Amino acid sequence: MALDARIDEGTAYGRRPGTPNRDLTDTAPGTKMGNLLRRYWHPVGLTSDTTERPKAIRVLSEDLVLFRDKEGRPGLLYPRCAHRGTTLYYGKVEERGLRCCYHGWLFDVEGHCLEQPCEPEAGRHRDQVRQPWYPVEERYGLIFAYLGPPEKKPVLPRWDVLEERAPDDVIEASDYIQSGHKIVPCSWTHHFDNVPDHYHVPILHGSNSGTQFVEMMSRMPKIAWEHTGRGVCTVARRKLDDGKTLLRRVEAILPNIRLVPDPGVSRFEKSESVSWLLPVDDTHYMLYAAIRKKPGWQRAFTKPGGKSWDDMTEPEHQQFPDDYEAQVGQGPITLHSEEHLATTDQGLVMLRRLLLQQAEAVAEGKDPVGVSFDPKAPPDATRAGNFLIDE
Amino acid sequence: MALDARIDEGTAYGRRPGTPNRDLTDTAPGTKMGNLLRRYWHPVGLTSDTTERPKAIRVLSEDLVLFRDKEGRPGLLYPRCAHRGTTLYYGKVEERGLRCCYHGWLFDVEGHCLEQPCEPEAGRHRDQVRQPWYPVEERYGLIFAYLGPPEKKPVLPRWDVLEERAPDDVIEASDYIQSGHKIVPCSWTHHFDNVPDHYHVPILHGSNSGTQFVEMMSRMPKIAWEHTGRGVCTVARRKLDDGKTLLRRVEAILPNIRLVPDPGVSRFEKSESVSWLLPVDDTHYMLYAAIRKKPGWQRAFTKPGGKSWDDMTEPEHQQFPDDYEAQVGQGPITLHSEEHLATTDQGLVMLRRLLLQQAEAVAEGKDPVGVSFDPKAPPDATRAGNFLIDE
Amino acid sequence: MALDARIDEGTAYGRRPGTPNRDLTDTAPGTKMGNLLRRYWHPVGLTSDTTERPKAIRVLSEDLVLFRDKEGRPGLLYPRCAHRGTTLYYGKVEERGLRCCYHGWLFDVEGHCLEQPCEPEAGRHRDQVRQPWYPVEERYGLIFAYLGPPEKKPVLPRWDVLEERAPDDVIEASDYIQSGHKIVPCSWTHHFDNVPDHYHVPILHGSNSGTQFVEMMSRMPKIAWEHTGRGVCTVARRKLDDGKTLLRRVEAILPNIRLVPDPGVSRFEKSESVSWLLPVDDTHYMLYAAIRKKPGWQRAFTKPGGKSWDDMTEPEHQQFPDDYEAQVGQGPITLHSEEHLATTDQGLVMLRRLLLQQAEAVAEGKDPVGVSFDPKAPPDATRAGNFLIDE
């Protein structure tokens, strides 16, 4: 080497392989975070498309079949028929349950085997067979399921913003399509990290891709994060031209609930929606939402160039990245060991700590925050919203 | 939890992961079932499409190249050229064999290296090179191969129903397309289980999807299973409206042969066909058949809505499942540990036991049932058929 | 078995599984060959398409992002943003570097963090963050990168055939499309083996698929191989009808450089091009080339039937195999344990030995052949070419 040559510093040569913190991102049965997630109810489908046609779904790394029997009861069964293992996805829905296509064993929504038609007396020992199942409940247009230990089943929560309705309010449920994808191919934690990470708004949504929301949201906020006991409330203040302040509160609630007020800020009020990040498995998630609204109203989004995600070219995806690109761009599961967290990441640090603490609490036999066993408990109170204040 | 709450029972929470019995389903060299399978001849192609264009095939988890040299000899070679490993799939067929595209080494159907054209004297040491090969024989319009230990090679069986031909009978071979798939993506054992499992007929083919065959086949039969020494014969009786009885015999013969009479019951007679479930590998199989027939005659099948499988929508596949859905719906390899076998499963229990016994016999150095080393042995006698009887 | 039956010999039954020599084919950091490869500069893109739109590339099993900042500097960065791991592929190129889409951290081409816009004072501690990067240099229309230990960075070589230019000569760079594929799905070593393997020319390119080059190249040559110190020079002689001799020299230079004269033999002269086999990873490679030429001149290739590779049917690919089929046909990584090398393989044996020796030398702390630390060293001298001689 020439004696005067500068030696490069900081190159990628010799760096150690990065690793994810799987304690945060695991979803399967028996894992630490999988056990925490299983102590809560999760949305697994829309009321409106849970029908007599069985649906194959995947929730917390488990494959399941969701259907509604002809008497209107939703059912969620392990898909492999207890008899010979054929999937009940090809089963026929009847009044009393779901009948396997292969030999006709009939199971009700709680997995009881009601008929084995080829067997003598339609199955003398059919009572000894149970198709594995999970309890479900319907609320807010969503089917919720509980995949946890039966003796720990909490009541299905109600939410103030969805319960306190004006006479003409309706509740609309959705399985939200994010940038062309109903199932997003990365860990749900990338999105949950994003909830208290409000500083990304003026960059990703406010300057990098132009103004994706509205001008006032593109302004750099001042942010404080507050522990709420069951999550993290992000409190962002933006000075407006008229001297007033936009006060925006965003809530992340354990284990996977987000209250994100309308980013279009069409009104100043409490957030009118609750949404859930459903872990499909370790590297996929879906977003379910329930919104209280006047009939016909829709949140407005700015689409770059007026194109849908699927219609955009690859250079356009690079030019106009959105949450999808930012989150999926972290890989299937982000490499936590490589992160350099800064002061603006305080909110997600608080949220991750709470998740790990609560997973540890469950491992120690305790009940996690936010679960209630009292059917008469009042609706959960929320704080999220956009507010116009003087200060 | 509320004191009066019922605790759910039988949920899918905490269930143990299911496991297959790989002793039944393995196909690779050196596995117990792979060793049993390798003691028999298997169809690996049709005479009619074994040509001068090499075909890449997969048999018992082994990749091979099938071709016919210009003197008419079929050959089955290990695909990686002994010289430098290029696939012989791109080789050129000549009078004496198959020539590698890369450096022109020429191999005959028994793997002898006949030429190394770039080497001095066309390869002074070419006799020391042998391209791995398998013996093949042609019969009934099929190419049969023997992938087992050379010193144990049995004679290629003949079958009475294919040998006893009227003057105008023809033998037609086929590599059957099942629900749009020539290669079915699941273990061959799912189909072999299905052969003595005759009770699925009135459900899967008789009521679940409407009448797929004919009305008399949709009636619930009475079934007995008989050991035949080399397999299991299923004897099904169905009462007809005129007081007569449809007696139907279906045979499963080790290791993977099925004699399934025409499910359309167009005539009452011995089954006119023999078919083979070729294990492509552990999770794929093909169905080869040879049928004795009058020229032009075809078995008739009822297609739901008159649509081919590929033309059906996903909801139509759910509405009209067939053997394909039932068998592939058991997964790539079924989870035997999760099965709840019942009285109607006796036939497949007998068949699985026989397979495991014979695999064990081979492991102990014995010859398995059904192999013969006598070239003058008479054709194998079969019993399968549809018969009309009084009883 | 019949007593007089011949027992088959040399069948594929019972053969042992083949294995590759991974010491030759590994490309990842920390592997023996990966360490050797990392002691040299490699082309990773064309000058002409390294632009303000970031490109996701893969080199020696490492994922990277290549771009050019608005002041014209090319940059090659580890793709996961040092902050929170989002890919810089969706970043925005600015005058001073590449800005992450998510929170706007700005990195220059050497990975320095210039801005953290959401942090107080644009990041009081931003100097402590370094985005992993690799040094790049531009020459001959190519972007070269050095992925090795910084203290061992050699000078980027110059080549005589590219440096000695007539006034109207131009240098044209290309990322060559081989049989429809810019990225070839097999180990780069299959192609490097092919460079001294000149005997394949009269077979693969001269008879098997007809004359792919020109008639004189289809003649069987006499070949000698010479050690050049830094590689292997293949010297092939072909007698022509007029009594003259076509002398063709092909060079393979460590670690992955080839000098292959125009196979169309349009002129008798030194080869006018240098090309590099870029290992994308263990099972994929690309071919970069720089050629000195008169404006407008193109090498001519014979296409079978005048069709492009993508337009050819599968039987046509079998009928007209080319280097792509021969090399990809060896599998993702060839199985060296199964090879039967012959006298005509001496060249590749010499080349593989040299690669393994040099990898061992690097493991022992030595510098490998062909690297220079002297910026004033003259261009590397080459010998490859097509020459017409009397002998």
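Just give me the residues in region B:150-165 being at the interface with another protein chain (Cβ under 10 Å from one of its Cβ atoms) and either within 18 Å of the chain's Cα centre (by Cα) or among the acidic types (Asp, Glu) (or both), in sequence order. Selection gives B:151 alone.
Okay, residues lined up against (1) facing chain B (nearest Cβ under 10 Å); (2) more than 21 Å from the chain's Cα centre (by Cα); (3) polar (S, T, N, Q):
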residue: A:88; (1), (2), (3): yes, yes, no
residue: A:97; (1), (2), (3): no, yes, no
residue: A:102; (1), (2), (3): yes, yes, no
residue: A:115; (1), (2), (3): no, yes, no
residue: A:128; (1), (2), (3): yes, yes, yes
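Quick grid of which residues meet (1) of a type in the set (S, T, N, Q); (2) within 14 Å of chain A (Cβ to nearest Cβ); (3) touching a helix residue (DSSP H, G or I) at 6+ places or on another chain (Cβ under 9 Å):
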| position | (1), (2), (3) |
| --- | --- |
| B:190 | no, yes, yes |
| B:194 | yes, yes, yes |
| B:199 | no, yes, yes |
| B:206 | no, yes, yes |
| B:231 | no, no, yes |
| B:244 | no, no, no |
| B:254 | no, no, yes |
| B:277 | no, no, yes |
| B:282 | no, no, yes |
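Residues being part of a loop (DSSP other than H, G, I, E, B) and modelled with pLDDT of 95 or more are entirely absent from region C:201-218. For region C:130-149, filtering for residues that are facing chain A (nearest Cβ under 7 Å), over 16 Å from residue C:370 (Cβ atoms) and within 22 Å of the chain's Cα centre (by Cα) leaves 5. Here residue A:293 clears all of (1) away from chain C (no Cβ under 14 Å); (2) open to solvent by 40 Å² or more (accessible area, probe 1.4 Å); (3) at pLDDT below 95 except the condition numbered (2). Looking at region C:272-290, can you tell me whether even one residue there is part of a strand (DSSP E or B) and more than 30 Å from residue C:26 (Cβ to Cβ)? No - not one qualifying residue is present in region C:272-290. Within region C:215-229, the residues that satisfy the criterion of being open to solvent by 30 Å² or more (accessible area, probe 1.4 Å), away from every other protein chain (no Cβ under 12 Å), free of Cβ contacts under 8 Å to residues at least 60 places away in the same chain and closer than 28 Å to residue C:381 by Cα are C:216, C:224, C:226. Just one of the listed residues (C:22, C:80, C:58) is open to solvent by 20 Å² or more (accessible area, probe 1.4 Å) and more than 14 Å from chain A (Cβ to nearest Cβ), and it is C:22. Restricting region A:255-273 to residues that are among the hydrophobic types (A, V, I, L, M, F, W, C) and farther than 24 Å from residue A:328 by Cβ leaves a set whose member that is most open to solvent (accessible area, probe 1.4 Å) is A:268.
Comparison of B:288, B:324 shows that the only residue that is under 21 Å from residue A:102 (Cβ atoms), at pLDDT 95 or above and aromatic (Phe, Trp, Tyr) is B:324. When we screen A:195, A:201 for residues that are crowded, with 20+ Cβ neighbours inside 10 Å, hydrophobic (A, V, I, L, M, F, W, C) and under 19 Å from the mean Cα position of the chain (by Cα), the only hit is A:195. Taken over region B:142-156, residues that are touching a Ser or Thr at 6+ places or on another chain (Cβ under 7 Å) and buried (at least 19 other Cβ atoms within 10 Å of the Cβ) amount to 3.
The number of residues in region B:351-383 that are hydrophobic (A, V, I, L, M, F, W, C), part of a helix (DSSP H, G or I) and surrounded by fewer than 19 Cβ atoms within 10 Å (Cβ to Cβ) comes to 3. In the set (1) in a loop (DSSP other than H, G, I, E, B); (2) open to solvent by 10 Å² or more (accessible area, probe 1.4 Å); (3) over 18 Å from residue A:355 (Cβ atoms), residue A:341 fails one condition alone, (3).
What are the residues in region C:26-53 that are within 13 Å of another protein chain (Cβ to nearest Cβ), out of contact with any strand residue (DSSP E or B) (no Cβ under 6 Å at 6 or more places or on another chain) and surrounded by 14 or more Cβ atoms within 10 Å (Cβ to Cβ), if any? Within region C:26-53, C:28, C:29, C:34, C:35, C:37, C:38, C:39, C:53 meet the criteria. Taking region B:328-365 as the range and being more than 7 Å from chain A (Cβ to nearest Cβ), touching a residue at least 12 places away in the same chain (Cβ under 8 Å) and among the aliphatic types (A, V, I, L, M) as the test, the residues that pass are B:328, B:333, B:348, B:350, B:351, B:354, B:355, B:356, B:359, B:362, B:363.
For residue A:168, the conditions (1) open to solvent by 40 Å² or more (accessible area, probe 1.4 Å); (2) within 14 Å of chain B (Cβ to nearest Cβ) all hold with the exception of (2). Residues that are within 11 Å of chain A (Cβ to nearest Cβ) and within 30 Å of residue B:157 (Cα to Cα) are absent from region B:381-389 altogether. Within region A:42-86, the residues that satisfy the criterion of being closer than 26 Å to residue A:31 by Cα and of a type in the set (Gly, Ala, Ser) are A:45, A:56, A:61, A:75, A:82, A:85. Checked against the criteria, residue C:104 counts as closer than 23 Å to residue A:205 by Cβ and outside any strand (DSSP E or B).
Looking across region A:89-101, the residues that are part of a loop (DSSP other than H, G, I, E, B) and open to solvent by 40 Å² or more (accessible area, probe 1.4 Å) come down to A:94, A:95, A:96. Every listed requirement among (1) within 14 Å of chain A (Cβ to nearest Cβ); (2) surrounded by 20 or more Cβ atoms within 10 Å (Cβ to Cβ); (3) of a type outside the set (Ser, Thr, Tyr) is met by residue B:15 save one, (2). A residue that is of a type in the set (A, V, I, L, M), touching a residue at least 60 places away in the same chain (Cβ under 8 Å) and outside any strand (DSSP E or B) occurs somewhere in region C:256-263.
The values are calculated or read from the model by the stated rules, or taken from the named source; none is laboratory data. Worth saying up front: this structure is predicted, and the values here are computed from it rather than measured. Backbone-built Cβ (ideal geometry, glycine too); neighbour counts: all protein chains shown. Protein only, heavy atoms only, side chains kept; ligands, DNA and RNA dropped before computing areas. Shrake-Rupley method; radii C 1.70, N 1.55, O 1.52, S 1.80 Å.
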